[in-house]
Structures are given as C-alpha cells and as structure tokens.
Amino acid sequence: MAFQKQSASASGGEAGLAILRIGTGATLFLRHGWEKQPMHWAQFMARFPDPIHIGSHASFFVAFISDFVCALLLTFGIWTRWVALFCFCNILVAWAMVHRFAFFGRGPGSDHGELMVLYLIALLTLVITGSSAFSVDRLRGR
C-alpha cells in the first residue's frame with residue numbers, strides 16, 4: 001500500500017508543478033503581458049519607468065520580453081528554467097526599484113506588493129524544479 005501512495009505522490013507533484021507553471025505563466029501573460037502587445041507600445045513608451053538607467057524604451061522592451069514572450073513560453077513549458085529566471089529578475093527589479101519593496105499596500109504604488117512576492121516565489125520554485133512532466137520541455141526530452 002505504501003508503494004502505491006508513493007507513486008501517486010510523485011505524479012501529484014508533477015501535476016502540481018504543471019499547475020504552478022501554467023497558472024503563473026498564464027496569469028503573468030493575461031494581466032501584464034497582454035497589455036504590452038505591440039499595438040499599445042506608444043502609450044507605454046511615453047510613461048514607462050527606467051529603473052536601471054538603460055532608457056525607458058529599453059526598460060519597456062525587457063518588460064515586454066518578460067511579461068509577454070517569456071510568460072507564454074512559461075505557460076507551455078518551453079525553456080522553463082531560463083524564462084522563469086528572466087521573469088524572476090524582471091519582477092525583482094520592478095519590486096525593488098519601482099515599488100521600493102512595498103508589501104503591505106501602504107503608500108502610492110504599493111497596492112500589489114504581495115502579488116509580486118507570490119510571483120517571485122512561484123518563479124523561483126520553477127527555476128529550481130524546472131517544468132514538469134506535462135510540458136513541451138519534457139516532450140522534447142529536456
């Protein structure tokens with residue numbers, strides 16, 4: 001009986017990782033990536049922050065790659081560890097430099113600090129564990 005329970009636990013862990021990966025990638029894409037699609041670039045370029053002093057256009061492009069491109073790749077489980085790391089770094093910079101590590105929702109621009117922390121935790125988990133058995137990475141044998 002213990003052997004069956006252990007087997008079910010392993011497949012449950014893979015399913016859990018798939019849910020974490022798909023949920024994180026899809027939420028990041030739908031909430032932050034979709035609004036950055038090319039037809040909206042002009043409105044973003046005019047007011048996008050420049051937290052690491054590379055220019056607002058370059059900063060926006062990094063955010064676009066993270067929130068649009070990498071979020072889609074993450075959702076399907078393509079290059080999971082690398083895209084999760086890219087998204088993690090982008091969100092960490094935004095949380096540190098733009099939102100000033102806001103967490104409790106007090107003050108201007110701090111209304112979603114806990115959401116950023118949850119994204120960071122989920123993305124770091126995916127950097128460490130990789131995708132899951134239910135991903136394009138695993139279908140390709142990676």
Given Ser132, Ser110, which one is hydroxyl-bearing (Ser, Thr, Tyr), in contact with a helix residue (DSSP H, G or I) (Cβ under 6 Å, 6 or more places away or on another chain) and at pLDDT below 95?
Ser132
Identify, from the list Phe60, Phe134, Phe64, the residue that is out of contact with any Cys (no Cβ under 8 Å at 6 or more places or on another chain) and within 30 Å of Glu14 (Cβ to Cβ).
Phe134
Please count how many residues of the stretch 47-62 are among the hydroxyl-bearing types (Ser, Thr, Tyr) and modelled with pLDDT under 85.
1
Phe29: within 17 Å of Val98 (Cβ to Cβ), assigned to a helix (DSSP H, G or I) and in contact (Cβ under 8 Å) with a residue 24 or more places away in the chain, yes or no?
no
Checked the stretch 68-92 for anything free of Cβ contacts under 8 Å to residues at least 40 places away in the same chain, under 18 Å from Leu120 (Cβ atoms) and surrounded by fewer than 18 Cβ atoms within 10 Å (Cβ to Cβ); matches are Trp82, Cys89, Leu92
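The values are calculated or read from the model by the stated rules, or taken from the named source; none is laboratory data. Bear in mind that the values here come from a model prediction, so they are computed numbers and not experimental data. Cβ coordinates were reconstructed from backbone atoms using ideal geometry, including for glycine residues, and neighbour counts include every protein chain displayed.
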